[in-house]
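Written below as structure tokens is the structure these notes are about.
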Amino acid sequence: MARFIDQHPTNPGSPPELVTVVKRRLLSGAADQFGARGISVFMGKRETYCYSEAPDADAVLKSHAAMGIILAPEDVSEVQVLP
């Protein structure tokens with residue numbers, strides 16, 4: 001399965017429910033309906049980076065959109081894990 005990093009602005013007004021949903025998904029290790037599985041989320045004051053595993057970049061876009069986070073295709077990059 002391919003690995004991806006995406007970047008988007010941190011939303012300081014994110015509802016607590018969304019943060020709870022994201023935490024639960026990360027802890028469960030389960031893939032969502034698009035086949036995307038979150039591995040880690042790195043939140044800064046201005047930007048958030050998500051590291052995930054998915055069949056393709058489109059699955060990452062759809063997974064975020066389902067949570068109300070709209071990404072542009074250029075916000076998602078496939079990455080290689082070095083041994």
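The values are calculated or read from the model by the stated rules, or taken from the named source; none is laboratory data. Small disclaimer: the values here were computed from a predicted structure and weren't measured. We place every Cβ from the backbone using ideal geometry, glycine too, and count neighbours over all the protein chains shown.
Among all positions in the range 73-83, there is at least one residue which is polar (S, T, N, Q) and touching a residue at least 60 places away in the same chain (Cβ under 8 Å). Considering every residue within the range 46-58, establish whether at least one is of a type in the set (D, E, K, R), under 14 Å from Glu78 (Cβ atoms) and either at pLDDT below 95 or not in a strand (DSSP E or B) (or both). Checked against the condition, which is being of a type in the set (D, E, K, R), under 14 Å from Glu78 (Cβ atoms) and either at pLDDT below 95 or not in a strand (DSSP E or B) (or both), the range 46-58 yields at least one hit.
Is it fair to say Ser63 is touching a Phe, Trp or Tyr at 6+ places or on another chain (Cβ under 8 Å), of a type in the set (Ser, Thr, Tyr) and not in a strand (DSSP E or B)? So Ser63 passes the test. Filtering the range 1-31 to residues that are acidic (Asp, Glu), without any contact (Cβ under 8 Å) to a residue 40 or more places away in the chain and surrounded by 12 or more Cβ atoms within 10 Å (Cβ to Cβ) leaves nothing. The residues on offer are Ile70, Ile39, and the sole one that is under 13 Å from the mean Cα position of the chain (by Cα) and part of a loop (DSSP other than H, G, I, E, B) is Ile70. When the range 56-76 is examined, which residues are found to be crowded, with 17+ Cβ neighbours inside 10 Å, under 19 Å from Pro15 (Cα atoms) and among the small types (Gly, Ala, Ser)? The one that is crowded, with 17+ Cβ neighbours inside 10 Å, under 19 Å from Pro15 (Cα atoms) and among the small types (Gly, Ala, Ser): Ser63. Among what's in the range 32-55 and is in contact with a Gly (Cβ under 9 Å, 6 or more places away or on another chain) and closer than 15 Å to Ala65 by Cα, pick the residue that is surrounded by the fewest Cβ atoms within 10 Å (Cβ to Cβ). Among residues in the range 32-55 that are in contact with a Gly (Cβ under 9 Å, 6 or more places away or on another chain) and closer than 15 Å to Ala65 by Cα, the one surrounded by the fewest Cβ atoms within 10 Å (Cβ to Cβ) is Asp32. Of all residues in the range 1-22, those being at pLDDT 90 or above and farther than 12 Å from Arg46 by Cα number 6. Within the range 54-71, residues that are within 16 Å of Ser40 (Cβ to Cβ) have Cβ atoms under 8 Å from residues that are crowded, with 19+ Cβ neighbours inside 10 Å and aromatic (Phe, Trp, Tyr) in these pairs: Ala54/Phe4; Val60/Phe4, counting only partners at least 6 apart in sequence or on another chain.
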